[in-house]
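The values are calculated or read from the model by the stated rules, or taken from the named source; none is laboratory data. In this text, all values refer to a predicted model and were calculated from it rather than measured experimentally. With ideal geometry, Cβ positions are generated from the backbone for all residues, glycine too; neighbour counts draw on all protein chains shown. Accessible surface areas use protein heavy atoms only, side chains included; no ligands, DNA or RNA. Shrake-Rupley method; radii C 1.70, N 1.55, O 1.52, S 1.80 Å.
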Amino acid sequence: MRNTLIITILLSLISCKPIRKTELIGVAQGSYYSITYFSDLSEEEQVLISEGIDSIFNAVNKSVSLWDETSVICRVNANDSTVILDEIFIDNFRWAEKAWQLSGGAFDATVAPLVETYGFLKKAEIDITQKTIDSLLQFVGFEKIRIDGNKIIKDDPRVRLDFNAVAQGYTTDLISNFLMKKGIKNHLVDVGGEIMARGTKQGGTPWIVGIEKPAPDKNAERTIQESMPLTDRAVVTSGNYRKYIEDGGRRLSHSIDPRTGLPATHDLLSATVIAPTATQADCLATICMIVGRKKAAEILDTIPDVEYIFLP
């Protein structure tokens, strides 16, 4: 009995590894990413975690990036009849479909032609006339596109998709789920401002996330207006105060209403949504910035386990 006790104690001591804080920072999906986690992993194991995260970014880019002409979404937009939809594309499509239904068409992933015309997708000569907008609205509408098995079906070949309001939140969730599967239960994943917090920081204190104060213009210094503790929740903030173009002295928001083809105009500068997943929070924050304060509150108030903060 005594020998067994001694062996058990020794094994306990051997298996007790120090908990370390690891931070991974880089550039992906046209923005930044910042990942912090606490674990007892060795340096070799941490390298494998980093490589796994890189693989996730690469997989998402190959599926839904509008900047990679070989991606699934670019091939769908180009009407490549040989393209086979992968799981990432189908997931993003289904989330976009739910958001479209929930918002009454205000969130619409077929908005790509309008986004490009306003110069938000790629650098292009801006041609914002009512005639141009009317011509594009003919092939904007999520009811014009659907999935059949692993193939896309379009009612009009000019319909094009843009998952930018889904993909970063979706990527955040993929990385968080990957870390959970690897036993890393305490982590904070931030991909371009789409954040998922799991567990706590070392010592059991919650993660603290800041909400940026709406700025007067895109070049203004970033300051934090509010901070909140976050545990096992996602938070996404969407705003119109930094992403805009100037046309004839007007500021045109990057939030395009696909029902009118025009940039959203209302007094809501920033919407922060706290939800169970970053994908859901990403979609809902985008809806808010299109429909405005009153309608956004009406929509969000119907969804369980979702909170929101509107600024100003």
Legend entry - The one condition in (1) more than 21 Å from N177 (Cβ to Cβ); (2) of a type outside the set (A, V, I, L, M, F, W, C); (3) without any contact (Cβ under 8 Å) to a residue 24 or more places away in the chain that E51 fails to fulfil: (1)
Inset, instruction - Kindly indicate whether R198 is within 19 Å of A78 (Cβ to Cβ), among the basic types (K, R) and buried (at least 21 other Cβ atoms within 10 Å of the Cβ). - result: no
Legend entry - Residues of segment 38-66 that turn out to be under 19 Å from Y170 (Cα atoms) and either over 16 Å from the mean Cα position of the chain (by Cα) or surrounded by 15 or more Cβ atoms within 10 Å (Cβ to Cβ) (or both), as a count: 17
Inset, instruction - Kindly list the number of the only condition in (1) β-branched (V, I, T); (2) touching a helix residue (DSSP H, G or I) at 6+ places or on another chain (Cβ under 6 Å); (3) assigned to a helix (DSSP H, G or I) that fails for I49. - result: (2)
Legend entry - Considering residues of segment 135-152 that are among the polar types (S, T, N, Q) and over 24 Å from the mean Cα position of the chain (by Cα) only, the residue nearest to L85 (Cα to Cα): Q138
Inset, instruction - Could you please let me know if I128 is more than 23 Å from T277 (Cβ to Cβ), in contact with a helix residue (DSSP H, G or I) (Cβ under 9 Å, 6 or more places away or on another chain), surrounded by fewer than 22 Cβ atoms within 10 Å (Cβ to Cβ) and modelled with pLDDT under 95? - result: yes
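Return the residues of segment 285-294 that are in contact (Cβ under 8 Å) with a residue 60 or more places away in the chain and either open to solvent by less than 10 Å² (accessible area, probe 1.4 Å) or over 18 Å from A234 (Cα atoms) (or both); say none if nothing qualifies.
Answer for segment 285-294, where residues must be in contact (Cβ under 8 Å) with a residue 60 or more places away in the chain and either open to solvent by less than 10 Å² (accessible area, probe 1.4 Å) or over 18 Å from A234 (Cα atoms) (or both): I287, I290, V291.
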Inset, instruction - Among residues belonging to segment 1-33 that are assigned to a loop (DSSP other than H, G, I, E, B) and modelled with pLDDT under 90, point out the one that is most open to solvent (accessible area, probe 1.4 Å). - result: M1
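With the condition kept exactly as written, say whether any residue in segment 136-143 is under 15 Å from V76 (Cβ atoms), surrounded by 14 or more Cβ atoms within 10 Å (Cβ to Cβ) and at pLDDT below 95. Show your work before the answer.
From segment 136-143, those under 15 Å from V76 (Cβ atoms) are 139, 142; that's our starting set.
Then keep just the ones that are surrounded by 14 or more Cβ atoms within 10 Å (Cβ to Cβ); that gives 139, 142.
In the following step, the residues that additionally are at pLDDT below 95 were identified as 139.
Yes, because at least one residue in segment 136-143 is under 15 Å from V76 (Cβ atoms), surrounded by 14 or more Cβ atoms within 10 Å (Cβ to Cβ) and at pLDDT below 95.
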Inset, instruction - Can you run down the residue pairs with Cβ atoms below 7 Å, 6 or more apart or on separate chains, where the first is in segment 149-167 and closer than 13 Å to A99 by Cβ and the partner is open to solvent by 40 Å² or more (accessible area, probe 1.4 Å) and in a helix (DSSP H, G or I)? - result: V166/W95
Legend entry - Residue, modelled with the lowest pLDDT, within segment 295-312, restricted to residues that are crowded, with 16+ Cβ neighbours inside 10 Å and within 17 Å of E226 (Cβ to Cβ): L311
Inset, instruction - Please determine, by comparing only the residues of segment 67-81 that are of a type in the set (D, E) and under 14 Å from R160 (Cβ atoms), which one is surrounded by the fewest Cβ atoms within 10 Å (Cβ to Cβ). - result: E69
